[in-house]
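Below you'll find the structure, written out as structure tokens, and then a few comments.
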Amino acid sequence: EQLTLSIIKPNAVAKNAIGAICGRFEQAGLQIVAARMLHMSLEQASAFYAEHQGKGFFDELVGFMTSGPVLVMALQGEDAIAKNRELMGATNPANAAPGTIRADFADSFTENAVHGSDAPETAEREIGFFFPDGICK
Ligand code: ATP
Ligand code: MG
């Protein structure tokens, strides 16, 4: 089985959507095997999104991700990475299919409710970033 990193972003935490979003993961067969709530520092958010440094939306993204607490989770399941991205919907909520998490909980392109790893190598890096001591299995 595969692992992926999920983040419930500050806008979704603020609108009390943690339960609804986690319910979708569990209903789809993704098991929450690690979880941590934190308010990221500018340094943490910049390091997490290092691949986007220099892009036009970077400052807005880092500002948003540090605007309030987030819930970071490792999800485990068959095809967890693809399954999670399917549940999330398109990055730009304007293009997110009806019934996806972003269609239902995003407020804008930047404030799009959730993050999910996009490949096995990314998942490994991202899980190590937030769970350096490993996860509960
Ligand atoms: P995520 O990494 O959050 O799961 P993603 O992989 O679909 O989303 P990326 O291209 O990695 O999208 O961008 C990371 C995040 O940066 C997006 O989720 C979104 O919050 C923000 N973002 C990306 N592109 C834009 C943009 N053009 N305008 C505003 N915000 C953007
Ligand atoms: Mg990404």
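Summary of values
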read-out	value
Qualifying position, being closer than 12 Å to Leu5 by Cα and of a type in the set (A, V, I, L, M, F, W, C), among Ala28, Ala47, Ala35	Ala35
Meets criteria (over 15 Å from Leu5 (Cβ atoms), out of contact with any Asp or Glu (no Cβ under 7 Å at 6 or more places or on another chain), modelled with pLDDT of 95 or more and within 11 Å of ligand 1 (Cβ to nearest atom)) for Glu86	no
Members of the stretch 110-137 that are within 15 Å of ligand 2 (Cβ to nearest atom), charged (D, E, K, R) and over 13 Å from the mean Cα position of the chain (by Cα)	Glu121, Glu124, Arg125
So Phe48, is it within 16 Å of ligand 1 (Cβ to nearest atom), over 23 Å from Asp133 (Cα atoms) and under 14 Å from the mean Cα position of the chain (by Cα)	no
Neighbours by Cβ (under 6 Å, 6+ apart or cross-chain): first from the stretch 117-137, modelled with pLDDT of 95 or more; second assigned to a loop (DSSP other than H, G, I, E, B)	Ala123/Ser117; Glu126/Ser117
Inter-residue pairs, beta-carbon under 9 Å, first under 23 Å from Phe48 (Cα atoms) and in the stretch 1-27, second at pLDDT below 95 and not basic (Lys, Arg), 6+ apart	Leu3/Ile135
Options Glu60, Glu86; residue that is within 16 Å of ligand 2 (Cβ to nearest atom), of a type in the set (Asp, Glu) and over 27 Å from Val33 (Cβ atoms)	Glu60
Selection count where residues are over 16 Å from Gln27 (Cβ atoms), within 15 Å of ligand 2 (Cβ to nearest atom) and surrounded by 15 or more Cβ atoms within 10 Å (Cβ to Cβ), scope the stretch 92-109	5
Test for Glu26: is it of a type in the set (Asp, Glu) and within 11 Å of ligand 1 (Cβ to nearest atom)	no
Positions within the stretch 102-120 being within 6 Å of ligand 1 (Cβ to nearest atom) and charged (D, E, K, R), in sequence order	Asp118
Residue within the stretch 30-51 that is polar (S, T, N, Q) and farther than 22 Å from Glu124 by Cα present	no
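The values are calculated or read from the model by the stated rules, or taken from the named source; none is laboratory data. All of these numbers come straight from a predicted model, not from anything done at the bench. Using ideal geometry, Cβ is built from the backbone for each residue, glycine included, and neighbour counts are taken over all protein chains shown.
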